[in-house]
Amino acid sequence: MTPRLRTPRLVLRPPAADDVEAVFALYSDPEAMRHWSHPPWRSRAQAEAYLGTMRAAAARGTVAVWLAEEGARAVGVATLWFLGDGRNAEVGYLLGRAHWGRGLASELLEAVLADGFGRRRLRHVDADVAAGNLRSLRLLARLGFVPWAARTRIAHDGSPVPGRVLRLEADAFAAPPRAAAPLGGV
C-alpha cells in the first residue's frame, strides 16, 4: 500500500482513476520527457492505461506510486519499484516543467526515500538516469546517490541512450527533518 505523505509544500498520495488529466499533462510535455526512453504521450488513453497498471501493481505490492500535489495542483509523480525480495527498489520521478527550479523535486524525493528507508526498511535505492539529464544527476548526487553502473537504454526512436545507475545505500541516507510525515487519515 502506498501511504499518503506530507512535506512542507507537497501532499503525496496514491493516484486515483480520476487523475487522468493531471497525469496526462505531466507525461505529454516534450521537454519534461526529453530524457525518458519513451516519447511524450499523445492520448489520454495512455494516462488511463498507466493509472490502471500502476494501481494494479501497487495492489500487488510491487510498486509504490505517488501523485505529488502543491495545493490542489498536481506537480509530479514518483515511484518506488520493489526489486528482488522487496528490500531494494528503483526510484522514478517526473516533475512538471512549470515547477522546475523551486526545490520541489528534492522535497518529493526526500519524502519518497524517507518512506522507503524508514517504513519499508529498504537496503538500497537505485536510479537509472540518462547521462544527459544533468539536473537529475545533480539532484540525486545532492541526496547522496553515487555512481553504481553504466547502462545504455534504447530510446523510442531506436537510438542508444547512455545512462548511469546511481545507488543510495540505507546507511548513507540521512532524512532531513522536513522529509515526510504520514498524513494519517487524510
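Observations on the structure shown:
- For the stretch 45-142, chymotrypsin sites (Phe, Trp or Tyr not before Pro) meeting the loop criterion (DSSP other than H, G, I, E, B) and having at most 15 other Cβ atoms within 10 Å: Trp100.
- Calculated [θ] (222 nm, deg cm²/dmol) that DSSP helices of n ≥ 4 give over the chain, each run adding -39,500 (n - 2.57): -8000 deg cm²/dmol
- Sorted by Cβ neighbour density within 10 Å, fewest at the top, the residues Arg9, Arg73: Arg73, Arg9
- Shape analysis of the chain yields a ratio of the Cα radius of gyration to the Kirkwood radius, Rg/Rh, of 0.93.
- Placing +1 on the Cβ of every Lys and Arg and -1 on the Cβ of every Asp and Glu, with no other charges, gives the stretch 5-182 a dipole of roughly 300 debye about its Cα centre.
- Simple label model, 7 Å out from Cα along Cβ direction - Leu134 to His156, nm: 2.4 nm
- Residues Thr2, Thr53, sorted so that the one with the fewest Cβ neighbours within 10 Å comes first: Thr53, Thr2
- Here the residues Leu134, Leu140, ranked from fewest to most Cβ neighbours within 10 Å of their Cβ, fall in the order Leu134, Leu140.
None of the figures in this text is laboratory data; all of them are computed from the coordinates on show. As the structure is a prediction and not an experimental result, all values here were calculated from the model. Methodologically, a virtual Cβ is constructed for each residue, glycine included, from the backbone with ideal geometry; neighbour enumeration extends over all protein chains shown.
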